[in-house]
Each structure stands twice: as C-alpha cells, then as structure tokens.
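Undergrad: There's a structure below that I have some questions on.
Each reported figure results from applying straightforward, stated rules to the coordinates on display, with no laboratory input. The structure presented is a predicted model; accordingly, all values stated were derived computationally and were not measured. Neighbour counts run over all protein chains shown; Cβ positions are idealised from the backbone, glycine included.
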Amino acid sequence: MKTLAILAVLAGALGCGSKSYSQSVPGYPGGCPSFGYEEIIGLINKERSARGINAIGINTPLMCSARLLSANLFQSKRCSHTDTFGQSPWQRAQICGGNANGEIIACGQRTAREAVDAWLRSPGHARIMLDPAMTSAGSWREGNYYVVVFKR
C-alpha cells in the first residue's frame, strides 16, 4: 500500500494523477506533458496506416503511465515492464486514472525510429502496436527508454 501511495503522489506531482491529469500544468499546456509523444506515436501511426489500420489517438492518463515507467527505467538503468516499486503496467495506468490493454518498451535505442523498428521485429510487440482494436495510447521517452501504453 505504501508503494501505491508513493506512485500516486509521484503521478500527481507530474500533473498526471487521476484528479489532475486533465488540468493544465505550468509549462505543459493541456495537462501531462509527453516528451517525444508526437514523434513516437506519429511513427506508430505511419506503420498502422501502411497496413490499413486506423490511427491511435492521445490518451492523457496513459501518457502519465508511460512517463512513470520511462523515468523509473531511466533512473534505475533497467528494462522491465515492472517498475522498481513492483507496479505492473495495469497498476500504473490505474494510478494515473486510466486503464491499459498493452504496453511496449524499448531500452537503449538512440531514436524513436530505432525503437519502432525494434518493436516491429518483435512479434509480441508488433502485435500490440498494430492491433486494430487499440484506439488510443500514451507515450514517453526518458533518455533512451521508450514506453507506449495502449488502450482498446
């Protein structure tokens, strides 16, 4: 329970908590900021479009969830879907006021294009990224740690 409270405070401090994610955060118009969101999601949507799959839209609570994990991975220099607090993608999404149906991460890629290419080469990651049922996502990049969290 202590871990959940710590993450909830962190999510709130990021301007992405369940009560504040839709409110404007100073310096970040429109709520939770997303470093690299346009580039990462743009590349994913380009791949989806090339296959006749609808584009995904922005999901602010999932941007929060992606930011929590990306920052955690960057700080801990690990690559895992479970953060150092023991939280799963589903738990982080809930902390941020949303719910998730899939998460993909890339660690060490130098560019968003390299991350997307790595996901395309991985059957499990590609299945999530190109799933026509996915309608929205949130993404974040901290250093060379890329996270995208999807929702149906």
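Undergrad: Would you please classify the overall shape of segment 56-152 from the alpha carbon gyration tensor, given that a ≥ b ≥ c denote the square roots of the eigenvalues, rounded means a/c under 1.5, and beyond that prolate means a/b larger than b/c while oblate covers the rest?
TA: oblate
Undergrad: Now for a different question. Please list 117-130, 79-92 highest first by mean number of surrounding beta-carbon atoms within 10 Å per residue.
TA: In decreasing order of mean packing, 117-130, 79-92 become 79-92, 117-130.
Undergrad: Give me the number: length gained by fully extending residue 80 to residue 50, i.e. 0.36 nm times residue separation minus the C-alpha to C-alpha distance, one decimal in nm.
TA: My answer for the length gained is 7.9 nm.
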